[in-house]
Each structure stands twice: as structure tokens, then as C-alpha cells.
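Input: a single structure, listed below in C-alpha cells.
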Amino acid sequence: MKNLAVVLLLSLISVSAIRAQSADIGVVSIVSPLPFYCGTDEIVPSVYVKNFGTSGVASFTVVYRVDYFPLVSKNFNTVIPAGDSVLVSFDPLVLNSGSHAIQFSSMNPDGKTDSNNANNSCSASFEYANGKQVSVAVLTDAYGSETSWVLNNSSGTTIASGGSYASNTLYTQTLCLAPGCYQFIIYDSYGDGICAGYGDGYFLITDMETETQLATGCDFTNMMTADFCVTAAPGLPVANFSKSDVNQCTGSVQFFDNSLCNPVASSWLWNFGDGTTSNQQNPTHIYYMNGLYTVSLQVTNANGSSTLSIPNFVSVERIAPPVIDDIHFCQGANISFFAPQNQTLNWYSAPGQLNPVQMGPNFSIAALTHDTTLYYSYQTISPSIYFGLKDNSGAGGYFNFSIDRAVYLDALDDVVIKSAQVYASGAGNRTITLKNSSGQVLDTRVVNIPDGGSRIDLNFEIPQGNGYAIHVNTANNLSYTGDYGGPNVGYPFTVPGIISITGNNYSNSFWYFFYDIEIQQGFEGNCMSAREPVTAIMSPQNVSLGPNISLCYGNSIELTPGEGYADYLWNTGSTEASIETATTGLFTVTVTDIYGCDATGAIQVTTAPEMDAVIDVTHATDMSSSDGSISITEISGQGPFTIEWSNGATTFSIQNLASGEYLYTITDVFGCQLTGAVVVQHSVGVEPNRHNNKISLYPNPAGQMLFVDGIEDASEYRITDLRGAVLLHGTLWNNGDGINIQSLPEGVYFIEIGTGINMKRGKVSKY
């Protein structure tokens, strides 16, 4: 038992050690970005990375992503001892103004898999404002409590304020102001300003970047107004944009240029992601087909341009049309597409074509010779949408006064108010009237509403426009919801791109009469489905055996039109999917696909004739002479021919050659090549320091094997014909090694073993 306990203890120690040594690196804190940036502040993404393991780490990877942009990855070769942290940074960021989110992740410690992913990520949110830092300084007089101020933007909205000050005190507030014009208003409740004998007060507004004074003053009565503007430094534009909601009935989207440009932009280039573009600043675009679309904007000013691309920025989910299957046809056939249930469709030749080429349940095309794609859609009744307060629960009551009550609304598209839930105190007729922004009556409904809750039909068709009102006659005893003097009940109530209920003619503390409102986009039949492609596919389209080809002697080629056909018929009689040939001729194949369509392909194959060469050799006088020569006197095959020698020569005869081996490559008109080697020898003569150069060759004459004695160590050998052309070569390793000469025809041959002064030569006959 003691031994078992020791084993278990050792096992636990071993496992613990393995776990402690596992690679573990993590992100512990984000240093940058900070929560807020203004204008030209540089954003340098930076994080602390910690080694949570027990051994040092010398390399690792950190990635980050801002919003929807692609990942940014960087490898760091930085040593982090066990338990220590290190600060790592990336290149500066360039961002548009607004709210952003960033996430960092660490990985790959020393190229290994991180054993603990729980500490690998860290995220933060931050704001970036494309503006300037502006200082607002106020020195109060002896009556500081009398002083207050507001700062309004060009729309009159107050964006900053100050007050409740102590006396004779300097107050400074730093603001981030976007380029534009502003109004500073300072008040003195006593009416004597802040420098009228009770101190030396003042206000001073300063551009902190340029240290420029924008506004100042002190001498006024009850109030003083100072107008000033903040300008961006001239530079490259910063592209930015937004959009309206997609009108899923029409596919229409309004895009808005929100770029920052100083100087102002001179051009815009939009890419809507569906193959279309626009150079308008704020274009409206129609998407005809469902899908996710990446949108980009390039904006240009006098200093250059910048581009912003947002993946999957637009999602189009229009009603889908009926399904029509693709058609396969044989070349020259007549085809027709048919809509299911004989529905009337609009047919287009391109996805963005404005007007249909035909309307009806079918579309026919005669004598087609290529693939043809059409696009189709149909008019449909848009589905019902319900919005507004769901019921009359909560504070409220039943309206019974001598004044009409009305609901105000804007129609963002043609819309039909189909029905609504109402609650009545007593049954009876109620008159409901639709009016336009001028008060003109457009439509009227007299509805007999039962006591209690019920759904009533209205069917008001409201054209796109603003300022509509739906009135209910006096003494109606219909339920309203709200609290007199209470909070806004939630106006506006909006269905993006369709309708918005903006309020009523009394108080937005109340919701009048109509609950769970049913609407329909577009008048009946005006909502168009998305377009869908349908294709007539010519089958088979192309049958190719490839370009005409020339083969070198002895080579072959496999011919195939490709797989997947039902039948094959070659002019050779073969019915296989492919054939192999090494002969000259015109080869054709007829294929038949699964639809019964035929097509034919052809190829011309030319086989080059066999090449051979007759070579004459003049050997060198001795080993120190360069008076040898080689001449190629006859070449079989098809010329014209070219030649290249290993010594760089390009003629068929070469002179002034020393003894040695010369390689040649002859090329014919087809590009086929004949290669070989020629040996220029020299007379033996008397050579100093020559050792025994005798070798023993047996048997001689030889049949299939030739054996060699008389070599001292591993030596190269060459067997040549009487012209010096090298026929066999290799290495002999020991005395008695054999050379396979079975491939040589009968005749007399020379053998050379070794090189230089140690070369040994012999002659052998082959029978």
C-alpha cells in the first residue's frame, strides 16, 4: 500500500508539473483606447499581456477588432518571464466619429496552443468625436451666484452650461466641439454684468489647438450673446455614411453622406454592392434582389480622398416570388418558362432593368444558341403589420366631450390602415374621418361599434406624405390611455419606411382610441416581390478536346471531352470517355448528355518523325592539343533543325576541340529534341607519372555482361562507339564489377575508365 501511495503521489506531482508548464498567455487590461477622444487625438491600441504560465514566453500573437472592421493581427517577439506583464502597441487608428467597441485577444505563446482561453480576450467601448478641444473660462465677480451661461449649437440645442458659481473664482471647462457655428449666452441675474465695479470678471472661449481666442466679454446688463465658429484643420476627408431603413416592399434605401471634409468634398462615389454605383451625395437606391449588400463610399476633396466600406450594411428581405426551375435545352431549341398557378409575372432581361420586357404567366424564347438568364417578380399584397399600443391597460378612461380628437401621422410610403382594436362604452355608430395636412377630408367611415372591446375595419388608403390626421367625432365614448399632465406615452410610434404616428391634437400624454393597428405597405397590388433569376442552360455547351497538338516520336496523348456525359462515340469506334493515341490523325468525338443533347469536338494530332544523327569525330593529336573536331553530317526527322553544344556552340560542326566529352541537343521543327554526348579522344603517347594503365575485360567478346579487373578504386566509365558517341556510362566500385551491355547492338566498342593521366582504356566486342 505504501508503494501504491508513492506511485499515486508521484503521478499527481507529474500531472501538476505538466499543467504548470502548459503555455498560458492572456490580455489583462486595455491601456488604449481611452473612453473619449476629441478631434486630432491619436488612438494607439495598446494592451497589457501577461504570462500566466511558470516558464518564460518569447513570442506571442495579439489581434484586435474595432466594430465590424477586419481583424488586425501582430506577432510580438518579446520575452515575458513567468508571472510578468508587458505593454504591447499597434499602429494608430483612424476612425469616424461616434461610439465604437474594441476587442483584444492573445494567442500562440511560443507558437503553441494556449492552454487556457478564459483569459485571452478583453473588450472596451469608447467615443470618438471629430472636433476640436475648446476651453470655456469664466472669472466671476464679487457676486458669482448671479452668473450662469449656456452654449447652443447651430440648431439651438444647448450642449453645455454653467452656473451656481462662487465669487471671484476662475472656472474652466473643456469641450469637444465638432466643426460648425455656436452661440454662447451669459446671464447676470442682477443685470450689471461681471465687470461693472464689483470685480474684474470675464468670459473667454479659446481654440486649444491653435490657441486662438474665439469670443470674450464682460460688460453687459442681464445677458450677452457671443457667436463663434469652430473650423476643422484643412486635410484629407474622412468618409462616413448612414442610411434609412429598407423599404421591404419597394427595395428603396436612402443613403446619407456624413463625411467630414475640410475643404468641402468635391465628389462622391457610392458602390451599392449589387453592381451599381452613384456619384450623388445622398442617393436613393433600389435593391431588386434579396440579400446582404456591402456598401462603400469614396469621398474626395482638394487634398485627396478616403473610402469607407461596411460589409453587409444593407439587408433586403422582400417577399420572394414563386419558384421556377431552370431549363436545360439543346442548341437551337425553343423554350418557355411557366409560372406556377398561372400567376402573372413581370419578366426582365437584367436584374436592375426598370421596365419589364414582358408581363404574363410565361415567357418564351425561340432558337436559343447560348445560356440565357431572365429575372422575374410579381405584384403582391404586402403582409399585415401591427403596431402602436396593444391595448387600453393603464391610466385613462372614455372620451365624451364636445371636441373631436385626432391622431396625427406621417405616411413614409403608400400605406393602408386596415383595422384597429377599439374599446367602447356602449354600442353605437362612430364617425371616423381621414384628413390631409390642409384639413381636407379624404375619406370617412361610419362604424357601428359594439360595447366593449372589438376590432373594426377602416381600410384608409393613405398616399405617401406628412401631416395626416384621423378624427373621431364628438361624444364618442371610446377608450383613451394616458394620464393628464403625465409623461409622453411614447410618440412617435414608427414602422420604419412605412408609417409614423407622431402625436395628437391635444396632448402627447394621451393615446387616443386605436390600438394594435393593422397596416399594409402599399396599396393592394403595389408591393413588388424581389426578383429571382431563372436560366435556360444549353446542354452540352462546349465540347473541347483541346488545341491541335504535335507529339514527339514515341510519345502519346490521352484525349477526353470531360466526364459526366451519358454517351461517347469516337471516330475510332471507341465508346469510352477517353482514348489514347500516338499516331497522326484527326480525332472527333460526339457526346450525348442526360438531356439527350449532342455535341461534337475535334482535335488534329501530328506525330513528329523519329530523329537520329550521323556524327564524324576527329580526335585530338595529344592531350595538350586542341585540334579535334565534331561534325554532324546527317539528321533524320523534320527540319529545320537547331543545335546547342555544351561549350556554347550553335553550329553543326565544331573545331579546335581538346579531348573531352561534348554534349549536344538537336531541336526539330516541332520542338522535339535529340540529346547525346560525343567524346574527343587523344593519342596515348608517353605520359609522365602514368601508373599501370592496363585493365582486364572479360569475357571478350562479351554477350550481356562485361566484367572489369584492374581498377584501384571507385572509377567512372564510358563506353563509346567508333565515332566517339557515348552509349553507356556509370561508376565501377570494385575489381570484378560488371557492366550490363545487353542494350548494345553487335559490334566493336571502346571503354574508358577514370580521367586524366590515370585513364585506362580498352576495346571490347559485343556478339
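Could you tell me whether region 307-415 comes out rounded, prolate or oblate from its Cα gyration tensor? Rule is a ≥ b ≥ c as square roots of the eigenvalues, rounded for a/c under 1.5, then prolate if a/b exceeds b/c, otherwise oblate. Prolate, since a/c reaches 1.5 and a/b exceeds b/c. In terms of other Cβ atoms within 10 Å, Val88, Val669, Val63 run from fewest to most in the order Val669, Val63, Val88.
Evaluated at q = 0.18, 0.24, 0.26, 0.28 Å⁻¹, a Debye calculation over the C-alpha positions of region 241-316 (equal weights, vacuum) places log10 I(q)/I(0) at -0.67, -1.09, -1.24, -1.40.
In a DSSP loop and with at most 16 other Cβ atoms within 10 Å, the GluC sites (Glu not before Pro) in region 516-609 are Glu524, Glu563, Glu576. The antiparallel fraction among DSSP beta bridges confined to the chain stands at about 95%. Here Lys112 is the anchor, and the lysines within straight C-alpha reach of less than 27 Å, apart from those fewer than 8 places off in the same chain, are Lys50, Lys74. The listed peptides 598-607, 135-144, ordered by packing as a protection proxy, come out as 135-144, 598-607 (highest mean of other Cβ atoms within 10 Å first). By other beta-carbon atoms within 10 Å, ranking Met538, Met623 with the fewest at the front produces Met623, Met538. Remark on region 132-230: hydrodynamic radius 13.4 angstrom, per the Kirkwood mean of 1/r across alpha carbon pairs.
A DSSP coil position with no more than 11 other Cβ atoms inside 10 Å describes none of the chymotrypsin sites (Phe, Trp or Tyr not before Pro) in region 272-369.
Using Cα atoms only, what is the angle between the long axis of helix 2-20 and the major principal axis of the chain, expressed in degrees (0 to 90) to the nearest 10? The angle comes out at about 80 degrees. Under a model in which nothing but the beta-carbon of Lys, Arg (+1) and Asp, Glu (-1) is charged, the chain shows a dipole of about 1100 debye around its Cα centre. Ordering Tyr480, Tyr398 from the fewest to the most neighbouring beta carbons within 10 Å gives Tyr398, Tyr480. The chymotrypsin sites (Phe, Trp or Tyr not before Pro) found in region 26-126 that occupy coil by DSSP, while having at most 13 further C-beta atoms within 10 Å, are Tyr68. Shape verdict for region 19-129, please, from the Cα gyration tensor: rounded (a/c under 1.5), prolate (a/b greater than b/c) or oblate. Here region 19-129 falls in the prolate category. Computed packing ranks the peptides 188-198, 697-707 as 188-198, 697-707, most packed first, by mean other Cβ atoms within 10 Å.
Each of [x] 109, 77, 61; [y] 113, 85, 72; [z] 138, 83, 81 is a candidate for Cα extents along the principal axes in Å; the one calculated from this structure is [z].
The residues packed around Ile205, meaning those with a beta-carbon under 15 Å from its beta-carbon, carry a net charge of -3 if Lys and Arg are +1 and Asp and Glu are -1.
Per residue, the chain reaches -1000 deg cm²/dmol at 222 nm when only DSSP H runs of four or more residues are counted, each adding -39500 (n - 2.57).
Summing charges over neighbours of Val472, with a neighbour being any other residue whose Cβ is under 11 Å away from its Cβ, gives +2 when K and R count +1 and D and E count -1. The tail of the calculated P(r) for region 696-766 beyond 21 Å holds 15 percent of all Cα-Cα pairs. Taking a sphere under 11 Å around the Cβ of Arg455 and counting the other residues whose Cβ falls inside, with K and R at +1 and D and E at -1, yields a net charge of -2. Mean sequence separation of contacting Cα pairs (under 8 Å, at least six apart), scaled by the length of the chain, corresponds to a relative contact order of 7 percent. Computed over Cα pairs, the Kirkwood radius of region 593-656 leads via Stokes-Einstein (1.567 mPa s, 4 °C) to a diffusion coefficient of 81 µm² per second.
Rounded if a/c is under 1.5, else prolate if a/b is larger than b/c, else oblate: which is region 411-518, with a ≥ b ≥ c the root eigenvalues of its Cα gyration tensor? Here region 411-518 falls in the oblate category. Relative to the compact-globule estimate of 2.2 N^0.38 Å, the Cα radius of gyration of region 588-719 comes out at 1.74. Diffusion of region 360-453 by Stokes-Einstein, at 10 °C in a medium of 1.306 mPa s and with Rh set to the Kirkwood radius over alpha-carbon pairs, works out to 85 µm²/s.
No lab work stands behind these numbers, since they all come straight from the coordinates. These figures come from a predicted structure and were not determined experimentally. Here the Cβ is made from the backbone with ideal geometry for all residues, glycine too, and neighbour counts use every protein chain on show.
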